[in-house]
1. For a quick check of your reading of the model, give me the residue pairs whose first member lies in the stretch 107-136 and is in contact (Cβ under 8 Å) with a residue 40 or more places away in the chain, whose second is among the β-branched types (Val, Ile, Thr), with beta-carbon atoms closer than 7 Å and at least 6 apart or on different chains.
2. Of Arg65, Arg4, Arg42, which residue is closer than 30 Å to Arg132 by Cα, out of contact with any Leu (no Cβ under 7 Å at 6 or more places or on another chain) and basic (Lys, Arg)?
3. All but one of (1) loosely packed, with under 15 Cβ neighbours inside 10 Å; (2) within 20 Å of the chain's Cα centre (by Cα); (3) more than 30 Å from Tyr131 (Cα to Cα) hold for Met27; which doesn't?
4. I'm trying to understand the selection: among the residues of the stretch 85-102, which are surrounded by fewer than 14 Cβ atoms within 10 Å (Cβ to Cβ) and among the small types (Gly, Ala, Ser)?
Amino acid sequence: MKLRNIILSVLMVIGVALIAAPLSMSMFSRSSNGEQMVNGFRPLMQPAHVQTTADYYDNVFSKLRPFALAMPGVQADAQKLIPALATALHMTPAQVQKMLATQFPSLAKLLQALPQAVPVFKRVPPGLDWYRSLVRTMQANTVNYASVDAMPRMSLFPWFFVIPGILVLLLAGYGLLAEWKPGTFHLPSFHHRPIPH
């Protein structure tokens, strides 16, 4: 076999491999999923949006940590408040509660809601710790995300393999066909030599 035909045959194998690789790796579906993810994160990863997210985290939510840590003590003090007021005002606890509901309705609602609020506030410090890495990662990757977002659509990536593979396959196949002549291709045959006596 001529060296030229060997090279063309190798190119055909490479062309087939380029076409098969995206299919074997499910690149069409995965690149489509990646494109959807990039599109979904686009509004969230804009610098102004990331700055606003960090501002809420640092200057609003993080400020709630001391209040959250104090809330169990507030609940304990609130349980003592009604009896203490009742003693000081010479009223029954029921009368104090009625008085608070009439004259201080917001405070009365807050006291009533404390038992349900305390478990929620207990989750604030670990929640802040949990989300810190998310916010810092967003801040650190705005430029990187912009670079990725500026690339061609991810759904096109498989075609960067398939189209060259098809071209290589067609060109190599054309070259081999140009060399082929009817009756020139034979399977190798093996003849048995007579065993000398």
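1. Close Cβ pairs satisfying both conditions: Leu114/Val74; Val135/Thr53.
2. Step by step, each of Arg65, Arg4, Arg42 is checked, and only Arg42 is closer than 30 Å to Arg132 by Cα, out of contact with any Leu (no Cβ under 7 Å at 6 or more places or on another chain) and basic (Lys, Arg).
3. It is condition (1) that Met27 fails.
4. Ala88, Ala94
Every number here is computed from the coordinates shown, using simple stated rules; none is lab data. All values reported here derive from a predicted model rather than from experimental measurement. Note that each Cβ is placed from the backbone with ideal geometry, even for glycine, and that neighbours are counted across all protein chains shown.
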